[in-house]
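Following: one structure in structure tokens, then a few remarks.
The values are calculated or read from the model by the stated rules, or taken from the named source; none is laboratory data. Since the model is a prediction, treat every value here as computed from it, not as a measurement. Backbone-built Cβ (ideal geometry, glycine too); neighbour counts: all protein chains shown. What goes into the accessible areas is simple: the full protein's heavy atoms, side chains included, and nothing from ligands, DNA or RNA. Shrake-Rupley method; radii C 1.70, N 1.55, O 1.52, S 1.80 Å.
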Amino acid sequence: MKQFKYIPYLYMCALMFTGISCSDFLDREDTNTAYTSEGFFTSEAAIKEGATGCYANLYMEIEGSIAHSTIFDFYTGLACERTENTTIGAGGALNADNATIQSLWSNLYTNVARANSFLSGVEPNLATLNETCLRYVAEVRILRAYNYYLLIALWGDVPFYTTPPTPEEYEVAKTSKVEILDFIIKECTEAAEYLDWTAEERGRVDKPFALGMINRAGLLGGSLDYGGKGQEYFRTAADAASQVIGKRALANNYEDLFYVAGQAKSDVRNEMIFELMYTVNGTNVHRNWTGFGFVSRMQGQTSRHPTMMLADTYECIDGKRIDESPLYDPHHPQLNRDPRFKATLWMHGDTATCNIGSMSSVIINAYDIETQQYNYTTGLWEVRNNDDVNSAAAWASFTNAGCGYIAAKYAKETSENINYTGQNVPIMRYAEILLGYAEAKIELGELDQSVYDAINQVRNRVGMPNVSNDRIGNIDKMRQLVRRERKVEFALEGLHIVDMRRWGIGDLENEGPLYGRPNEDIRYEGLADTDIPNFKKTERHDLNDIATYDAYKDKLKMRDANRYWEPKFALWPIPQQELDRNPNLVQNDGY
């Protein structure tokens, strides 16, 4: 294997503490003699333990008990941070001293270091390992590839190594993202041969995830034409996804994918190709508090907000965009919409129900100092103070800090307290395989029935109509549709940050202020029937479903007035402390 070229200081420290195996990172103690350093890489039990340790830090909870993938969309135009003009991805917050960027970088390289330690230790014994051990080795190779995928997708050229480094190898330059992408594809291709179509143990890597990672890598390299090999990468992406199609299936109910009771169903397990495992039971408690940070101030602690840019992307139930459908009503934007709208978002007038230690149902109200709450003891609706408008914390609510929408995905939990849930977090679903296949084929110019079938499966699952006749055979319209589907299907699941970069639309999403709910003196009933977003400011806006509101923006709440975009934001800056430690590490352009 290729020798390491550079290792950030943090990982040198990490390796000093890890010793020779990933099992050192497991939060438990075992005195089995198989776990001694002498016998570690020959014992099946110990090899499993070492591989399991390489999963431990995948959560990368850089901000509370929230998985890294869950917050990625909040670094795009589809969602925003609570405090104005601080969203990573646009504006002054994106700089080399940003603590979140440093934390993610550090976590990713910690994961790489653990994988390299395990793989280097096991390599001398590969010829003698049984089939089960070889599967564990394959899992770790793919986990390492996943971390490298995020590194090149977010930073471009990065330090690259495949074995534990020596101190002398520290001050070396970055490796080309093209070389690393090719490594990812090769690793996943080879490792996939040792894996089953569905992992016996939920939460472990299997063959569809390996092939899905090839699809992701191919779409990244194809869209950005890495090394001038764009079409080759799209072909690779399509071929990898095609192998998975038919081997797994979509869950019957979209909303089941995001809540504890639903995730226990076999059809949901089938769609969840790879997921981060959470639990509030047993000895290894690892809770998920994502929903608590999304909901109304009346039920939790609103921390991050979806934008109207996301909300306006959802079609009406007739399969038409809201500026083209007679079903769209600006006075009641949530009516007659793609069912994934209500599965993902709450807004003014909706009833929000979740478990906050006991069942809670409230009427979401963006304007009035009082609203209604359901009393589960008396069975009656009662008037109560509206904390989103009339409380000390109202400044952070969806109606003040946000754009008028609340993230309902992950927050509709009823079987467990949303502040302490065992909801798993999807990293890859079968729906991504279908849409990833379709996108690759579209970019190859191969609009055959398999493309329409793949997209129709995803749309039909939620009751949306088939690909419309005017799109059949039209590359531009199909490209628009598959991008739209990826946004609404995977909202708040972390895929869009890379999609935004692949499609080159960071400027469209982030170049100006965000707009949202109607102002207090207007409210939804005060909007004109013609107050409908304009998606056709330019061809790029139209293609990517980016709404603009110039015609009636004075009627709407505005936030992030100083939001701006620069070309350098297409990649994140290398953390300053890494530059300080390695004089041969060059900052990304523009920072």
Relative contact order of segment 195-293 (C-alpha contacts under 8 Å, at least 6 apart) in percent is 22
Among the listed pairs LYS342/LYS441; LYS412/LYS441; LYS186/LYS441; LYS174/LYS229; LYS320/LYS441; LYS186/LYS229, those beyond 26 Å (Cα-Cα): LYS342/LYS441; LYS412/LYS441
Along the charge dipole of segment 534-579, Cβ charges K/R +1 and D/E -1, which of PRO573, HIS541, LEU556 sits furthest on the positive end? LEU556
What do you get for the angle between helix 230-244 and the principal long axis of the chain? Use alpha-carbon atoms, 0 to 90 degrees, nearest ten. 90
Which value at 222 nm does the chain reach when only helices count, each DSSP H run of 4 or more adding -39,500 (n - 2.57), with the total divided by all residues and rounded to the nearest 500 deg cm²/dmol? -10500 deg cm²/dmol
Shape of segment 455-573, Cα gyration tensor, a/c cut at 1.5: oblate
With a 1.4 Å probe and every protein chain left in place, tell me how much accessible area VAL383 has, in Å² to the nearest 10. 100
Could you tell me the ratio Rg/Rh of segment 239-358? Both radii from Cα atoms, Rh via Kirkwood. 1.02
Find the accessible area per residue for segment 388-470; the probe is 1.4 Å, ligands and nucleic acids are left out, and the unit is Å². 27
Please give the charge dipole size of segment 369-481, origin at the Cα centre, charges +1 on K and R Cβ atoms and -1 on D and E Cβ atoms. Round to the nearest 20 debye. 140
Pick out, from ASN125, LEU154, ALA173, the residue whose Cα sits farthest towards the positive end of the charge dipole of segment 80-177, with +1 on the Cβ of Lys and Arg and -1 on the Cβ of Asp and Glu. ASN125
I'm checking a number: the convex hull volume of the Cα atoms of segment 406-522, normalised per residue, in Å³. What is it? 179
Reported label for calculated Cα Rg over 2.2 N^0.38 Å given (i) 0.96; (ii) 1.20; (iii) 1.04: (i)
Viscosity 1.002 mPa s, temperature 20 °C: give me the Stokes-Einstein translational D for segment 460-525 in µm²/s, with Rh taken as the Kirkwood radius over C-alpha pairs. 145
Name the residues of segment 518-556 whose amide N is less than 12 Å from a point 7 angstrom out from the Cα of ASP225 along the C-beta direction? none
Shape call for segment 375-415, from the Cα gyration tensor axes a ≥ b ≥ c (a/c under 1.5 means rounded, otherwise prolate when a/b beats b/c, else oblate), comes out oblate
In debye, nearest 20: dipole of segment 209-278 around its Cα centre with unit charges on the Cβ of K, R (+) and D, E (-)? 180
Report relative contact order for the chain in percent, whole number only (criteria: Cα-Cα under 8 Å, sequence separation at least 6). 19
Taking a virtual spin label 7 Å from the Cα of ASP542 along the C-beta vector, which residues in segment 281-320 bring their backbone nitrogen under 20 Å of it? 312-316, 319-320
Antiparallel as a % of all DSSP beta bridges within the chain, to the nearest 5? 95
The chain - charge dipole about Cα centre, Lys and Arg +1 at Cβ, Asp and Glu -1, debye rounded to 20: 340
Remind me, relative contact order of segment 253-393 in percent, using alpha carbon pairs under 8 angstrom and six or more residues apart? 13
